[in-house]
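What follows is a short report on a single structure.
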Amino acid sequence: QQPVQSPQAVILREGEDAVINCSSSKALYSVHWYRQKHGEAPVFLMILLKGGEQKGHDKISASFNEKKQQSSLYLTASQLSYSGTYFCGTPDTFGNEKLTFGTGTRLTIIP
Amino acid sequence: GAGVSQSPRYKVAKRGQDVALRCDPISGHVSLFWYQQALGQGPEFLTYFQNEAQLDKSGLPSDRFFAERPEGSVSTLKIQRTQQEDSAVYLCASSLRDRGRSPLHFGNGTRLTVT
């Protein structure tokens with residue numbers, strides 16, 4: 001079962017903030033976040049690990065709630081370059097490298 | 001090379017033809033993944049290699065799909081007797097082996113259209 005993301009799509013003006021949520025029906029061991037622009041490869045944004053460790057870009061923040069089996073990605077002061085589809089990815093078991101990707105959130109930033 | 005390289009970038013096949021898609025991962029990356037992405041959907045897992053060993057092929061949709069990585073570097077995804085439902089973007093990704101703590105680096109994909 002793939003993680004469910006919300007919202008499905010959002011349109012923002014440049015400079016506004018956005019929150020993208022990822023919710024799993026199974027235990028979360030870690031959460032990866034990727035952004036994909038149309039016709040391009042998904043690009044890594046961040047990994048969140050159990051215990052609070054994070055690896056990723058400085059300008060992006062995220063949270064990981066193991067108990068609620070949820071993660072949220074926070075995009076502040078959005079720029080036009082933030083447009084794209086965001087996917088969370090989660091492993092099925094601890095230490096598993098294979099990811100199951102979420103349903104995706106399409107973000108459009110307008111000037 | 002600097003990133004994951006996939007070829008061809010686009011492939012049009014007539015129904016029933018066999019196709020071979022190539023992936024050249026980042027040098028030194030032990031793990032290699034194949035994903036299938038339908039239009040407007042997230043990537044769906046097909047198969048996973050650690051070096052030359054295929055550890056998981058649970059996502060391959062049928063026995064028409066076959067993947068190999070004989071020397072632990074370049075990988076090929078082969079689809080036999082293509083069907084229209086095989087039309088999708090096929091993404092390859094590689095990563096360091098780090099128990100899921102390393103990011104996946106994706107190639108630009110091969111867009112397969114079966115007519």
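Readers should treat all values here as calculations from the given coordinates under stated rules, not as data from a laboratory. Here the structure is a predicted model, which is why all the values come from computation and not from measurement. Counting neighbours? That spans all protein chains shown, and the Cβs are built from the backbone with ideal geometry, glycine included.
Scanning the stretch B:66-115 for residues that are basic (Lys, Arg), closer than 20 Å to B:Asp56 by Cα and within 14 Å of another protein chain (Cβ to nearest Cβ) turns up B:Arg97, B:Arg99, B:Arg101.
Hey, any hits in the stretch A:90-100 for a residue that's away from every other protein chain (no Cβ under 13 Å), part of a strand (DSSP E or B) and of a type outside the set (Gly, Ala, Ser)? Within the stretch A:90-100, none of the residues are away from every other protein chain (no Cβ under 13 Å), part of a strand (DSSP E or B) and of a type outside the set (Gly, Ala, Ser).
Here is a yes/no grid of residues against (1) part of a strand (DSSP E or B); (2) crowded, with 19+ Cβ neighbours inside 10 Å:
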{"site": "B:Tyr48", "(1), (2)": "yes, yes"}
{"site": "B:Gln54", "(1), (2)": "yes, no"}
{"site": "B:Pro70", "(1), (2)": "no, no"}
{"site": "B:Ser73", "(1), (2)": "no, no"}
{"site": "B:Thr76", "(1), (2)": "yes, no"}
{"site": "B:Ser94", "(1), (2)": "yes, yes"}
{"site": "B:Arg101", "(1), (2)": "no, no"}
{"site": "B:Leu112", "(1), (2)": "yes, yes"}
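The set of residues from the stretch A:28-63 being in a loop (DSSP other than H, G, I, E, B), in contact with a Gly (Cβ under 7 Å, 6 or more places away or on another chain) and either exposed (fewer than 13 other Cβ atoms within 10 Å of the Cβ) or more than 9 Å from every other protein chain (Cβ to nearest Cβ) (or both) comprises just one member, A:Lys37.
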